[in-house]
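Written below as structure tokens is the structure these notes are about.
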Amino acid sequence: MALREQPDVSAPAGIAVEARDITRRYGEGQTAVDALRGVELEVTSGELVAVMGPSGSGKSTLMHILAGLDKPTSGTVSIAGTEITTLSDSKLTRLRRDHIGFVFQFFNLLPMLDAEENVVLPLTISGEKPDRAWLDSLLQQMGLGDRRRHRPSELSGGQQQRVAIARALVTRPTILFADEPTGNLDSKTGGEILDLLRASTDAYGQTTVMVTHEARAAAIADRILFLADGLIVKELRSATPADVLAVMSGLQ
Amino acid sequence: MIKVALKGLAGRKLRAALTAVAIVLGVAMISGTYVLTDTIQSAFGAVFTTVYKHTDAIVTGNSAIGRNNNSPTLPPSFSESLLGKVQKLPGVEEAQGGIADYAYLVGRDGKVISGHGAPPLAFSVHPHGDQRFNPLELTSGTWPAGPHQVDIDAHTASKDNYKVGETIGVVARGAEQTYTIVGIVQIGGVSSLGGATMTIFDFPTAQKVFHKQGRLDSISIAAKPGTTPAELVHEIKPLLPAIAQVQTGQAKAQQATKDTGGFLSIIRDFLLAFAGVALFVGTFVIANTLSITIAQRTRELATLRTLGATRRQVLGSVLVEAFAIGALASVAGLFLGLGLAKLLNKLFVSLGIDLPQAGTVFATRTIVVSLLLGTFVTVIAAMRPAIRATRVPPIAAVREGAVLPESRFARFSAVTALLTIGGAIALMLLGLFVGNLSTTNRLLAIGVGAAAVFVGVAMLAKTLVPPLASVLGWPGRRYGGAAGNLARANAMRNPQRTASTASALMIGLALVTLVSVLAAGLKARFEGAVNAVFRADYALTATDNFSPIPVAPANALSKVGGVTIVSGVRGGEGRAFGSRINLTGVPGDISKVIFVDWAEGSQAIPSKLGWNGAFVSKDYATAQHLAVGSPLDVETPTGGRLHLLLRGIFAPPKGGSPYGDVTISARRFDAAFQNPQNIYAFVDMHGGVTAANTARLTAALKSFPEAKIATESQFKHNQEQGIDTLLNLLYVLLSLSVVISLFGIVNTLVLTVFERTRELGMLRAVGMTRPQVRRMIFGESIVTALIGASLALPVGIVLAFMVGRAIKYAAFTLPWGQLVAFVFAAVIVGLLAAILPARRAARLNVLEALQYE
Ligand SMILES: Nc1ncnc2c1ncn2[C@@H]1O[C@H](COP(=O)(O)OP(=O)(O)OP(=O)(O)O)[C@@H](O)[C@H]1O
Ligand SMILES: [Mg+2]
């Protein structure tokens, strides 16, 4: 990892993610659903952004499109200065390797690999050797120092999610996306995971975009975006949980 | 990445093992075939090398019409005067004459001791002479001396418990005679050559019993020191008559080994063909199993894609996995083949082919071919599932219940399937009916065509599954309650999966159907031919139904009171128009017992043949452009030339001809052949077929145990036994493919149970009992097997129709009883396949199942 270049945080005006007028329509004709209806978004390098909104408002859809897992029906998305909506599959795969980390609600760990093997999987895939010191400090930071050789089935939900976060960070991505990383955890463990995301953003300098339902996220996020009906309807900076709850109840 | 793939494999041991079974069995068949044939070949090689160890040169009879390895006909004998000339040669230290012929041993029950299809060998020895040429070794007793003694082989002695000092019956040329056993022998270190019985006489006795006074079948020669075998051969050559040849001992051993090798390579290729079928079925099973496991791993593969894995890497990981499974399975199959070789040998022994075995030969070629083929086949079978795996989009990682995207060509599958079937049938027709093709190309066209038919039907099966399952599942739905209903619905739920699973079974069953329909057709034609031809009361044939018989038994029957006609058809080989022909000889009264249609001439032709008359079959006349009055020259094995005139042309019935290509009078035949033999003879008696007549004929044959009489229906039945034996062999060999497809069903069901764990938990939670769960799985399995059968029967019948058309000897009849039996067999396959999966499904812990991810 030592040889790996630091993320190019000096990309145009320090913008890590940029979305222009993205729409996403599922299905056709009568039953068509417009999950996104023209979302505009910019995330500055090093920022931790939380996305909130009622169920079905299009949060997951937005995350998938920003992370290049799905394509918008219209509009453009740039990651670290590269327009990704028109990239070929292989270019997109490379970009994912180099710049994007993703944390899933259901962890998506490989059951036959142990914790450490799961963490280094992205490096294994790209044929790189993990930097020992970096890996050790990452696992330490995630509180997994003594769980390296455990299989996912031998780990608690919170530990599994830590493995998933470590896996997302091991390549030092420019941006980390997380879709309800705490959605499958109890509230105490969820809180720990949120703290971990904040800490890692500060420690490693990556940009973080996260979908969450927890008002506590207000405490750790630099900025909160509210999505309703496929549009960003509100934005809060340095908000309190109370502010968040107020906005949310207004949206529902 | 390779490591990840292999770890994944290790994490799914059961699934990997299930995939491997198909390859293990197919490869075992290949390695088993090689091990068996190599072992036999090397045993023969060792025997012949030992036998000719001290023989520098050997003179043997030489058929003027060329050697034919597949014919048991003995080469002609030559005059004993040659021996004296050879002994006088300067390079010769010692030369000894020998007799080699066929003689049956007769057991205590008065029946011929079976040589298991191998010829009943007889040799001469010189009990007081130089023993260096003697190919035999005594295991007990002494060499036979005088007209009342024989030695017999150790195999027969131990099998039928004969000891030195006992008596035994022997049939050589005439009636059975009793001899005293004075010794037990083996040859080249083995107790028997492929189960052949051996009778050993002293030299003068052998000459007498085989009517070879003044004649020899061989001269074994040792060179003086300083003369090489090659020089010896060179010295002897000028002395030889046309019907004798000389070889060095080494060359003779090599030739004998090579001759058995030719026979063995036929057996080998035959078995390899079935191994090929088994592997072909295996590819279906593997492709299907991998498709299912990959579908189940959609989420995992998508996660790898989100982590930066390229399509190529996904492809690679699936192929690496397949490679690993294939390689491991091939190694397992390779060693299983060692055991299978023993089993195959047992199979052949039970069918009467008992071949010598020494140390097991495990050749490098066996290892290389088995490993390469097994691995290659697995990787090829994995190709399609692997390519589909690359189409898993990263987004599937976050979608609940994501499924593998359909193939881009899926929409056209029915059309593609029909086009494939059409092309395949066209290719088969080409192979079957186009005239000027080499045998290799012909077999290639038929084989590839048939394989493509199976692939096409398998492709079409997806479309056929829903209606078939709906119909075949009806009884289950009607009588099986909720379980039966769900079984039917489950079978229809993933048509592609059910179709692929059923298709593997379809291949084996279709081939079984093909051979059974063909055999029924052959029998029908044969019976039709016998009905048309057979006009006698009784037929006289060899006890084993196929060997030629000496003329002595027929002569004995003609002396029985009440017998009006005994007319035997002589059979032998000759050469005409540059190629080998079957030559038959008939007495003048044959038309009274055998009826054929005459294209030119009448029933009177056989009685008017005279010394140089001949008649031929219509096909032969057409092929050689012959007409009545045409001259016809036939060369005999002893070098004689028969200048014949064509007197008539007969049209044999479609099911086979009672006569050979060319037929002459029996009188001429007996003059031209050293040891004339009947293929069969026909008998008419006053009163026709009666119990009393049968008893009199049987009594007259008492001292001719190598021959038996049969009525028309017995004759048909006896002759059809050969077809039945072959049919049973084919069934046994094809059953391997059926077993592999059975494992295919097991795989699919086990994987389906994995996949439906949560659903099964739910069903149990809402009140489904364990027996109901079991019934549901059994039902699905049987429906799948029945779909296989309902695809197989039509395909097999269509193939049989086409092949039957091409070989002409087969009528088109459907053996309904057997076809119904095959459907039952399919049900049994379904039942067996469901045992393990049903148990797993019934044992699921409800709570754990509901939480299963
Ligand atoms: N694959 C799909 N096909 C059709 N419609 C879809 C698909 N995925 C999402 N939708 C629809 O798009 C809308 C937005 O869905 P999305 O999953 O983005 O919502 P969300 O904000 O993440 O909701 P939640 O908080 O419940 O996860 C919904 O109305 C959903 O029904
Ligand atoms: Mg969501």
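The values are calculated or read from the model by the stated rules, or taken from the named source; none is laboratory data. Fair warning: this is a prediction, and the values are worked out from it, not measured in the lab. Because the Cβ atoms are built from the backbone with ideal geometry, glycine has one as well, and the counts that use them run over all protein chains shown. The accessibility values were calculated without ligands, DNA or RNA, using every heavy atom of the protein model including side chains. Shrake-Rupley method; radii C 1.70, N 1.55, O 1.52, S 1.80 Å.
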Within segment A:47-134, helices (runs of 4 or more DSSP H) holding 1 or more residues that are within 16 Å of ligand 2 (Cβ to nearest atom): A:59-66
Within segment B:302-336, tally of residues that are surrounded by 19 or more Cβ atoms within 10 Å (Cβ to Cβ) and within 11 Å of chain A (Cβ to nearest Cβ): 12
Filter result for residue A:127 (more than 22 Å from the chain's Cα centre (by Cα), loosely packed, with under 15 Cβ neighbours inside 10 Å and at the interface with chain B (Cβ under 8 Å from one of its Cβ atoms)): yes
Per-region count, segment A:98-119, residues of a type in the set (A, V, I, L, M, F, W, C) and either open to solvent by 30 Å² or more (accessible area, probe 1.4 Å) or more than 10 Å from chain B (Cβ to nearest Cβ) (or both): 4
So residue A:36, is it part of a loop (DSSP other than H, G, I, E, B), within 13 Å of ligand 1 (Cβ to nearest atom), on the phi < 0 side of the Ramachandran plot and not hydroxyl-bearing (Ser, Thr, Tyr): no
Which listed residue, of B:165, B:115, B:169, is open to solvent by less than 20 Å² (accessible area, probe 1.4 Å), of a type outside the set (Phe, Trp, Tyr) and in a loop (DSSP other than H, G, I, E, B): B:115
Selection status of residue A:73, over 20 Å from residue A:148 (Cα atoms) and either within 16 Å of ligand 1 (Cβ to nearest atom) or within 10 Å of chain B (Cβ to nearest Cβ) (or both): yes
Number of the exception - residue A:244 against (1) touching a strand residue (DSSP E or B) at 6+ places or on another chain (Cβ under 7 Å); (2) open to solvent by less than 10 Å² (accessible area, probe 1.4 Å); (3) within 16 Å of ligand 2 (Cβ to nearest atom): (3)
Residue in segment A:39-46 that is within 14 Å of ligand 1 (Cβ to nearest atom) and either over 14 Å from the mean Cα position of the chain (by Cα) or within 14 Å of another protein chain (Cβ to nearest Cβ) (or both) present: yes
Residue in segment B:272-292 that is within 14 Å of another protein chain (Cβ to nearest Cβ) and under 18 Å from residue B:12 (Cβ atoms) present: no
Which numbered condition residue B:56 misses (of (1) closer than 30 Å to residue B:361 by Cα; (2) within 14 Å of chain A (Cβ to nearest Cβ)): (2)
Segment A:168-182, residues that are touching a residue at least 40 places away in the same chain (Cβ under 8 Å), within 16 Å of ligand 1 (Cβ to nearest atom) and more than 12 Å from chain B (Cβ to nearest Cβ): A:181
Output for segment A:77-97, where each listed residue is more than 8 Å from every other protein chain (Cβ to nearest Cβ) and either open to solvent by 40 Å² or more (accessible area, probe 1.4 Å) or within 16 Å of ligand 1 (Cβ to nearest atom) (or both): A:77, A:81, A:82, A:83, A:86, A:88, A:91
Residue that is farthest from ligand 1 (Cβ to nearest atom), among those in segment A:50-64 that are surrounded by 24 or more Cβ atoms within 10 Å (Cβ to Cβ) and aliphatic (A, V, I, L, M): A:50
Checking residue A:165 against (1) within 12 Å of residue A:107 (Cβ to Cβ); (2) within 16 Å of ligand 1 (Cβ to nearest atom); (3) in contact (Cβ under 8 Å) with a residue 60 or more places away in the chain, the condition it does not meet: (2)
Neighbours by Cβ (under 7 Å, 6+ apart or cross-chain): first from segment B:121-149, touching a residue at least 12 places away in the same chain (Cβ under 8 Å); second surrounded by fewer than 20 Cβ atoms within 10 Å (Cβ to Cβ) and acidic (Asp, Glu): B:130/B:94
Given (1) more than 30 Å from residue A:32 (Cβ to Cβ); (2) in contact (Cβ under 8 Å) with a residue 24 or more places away in the chain, index of the condition residue A:248 fails: (1)
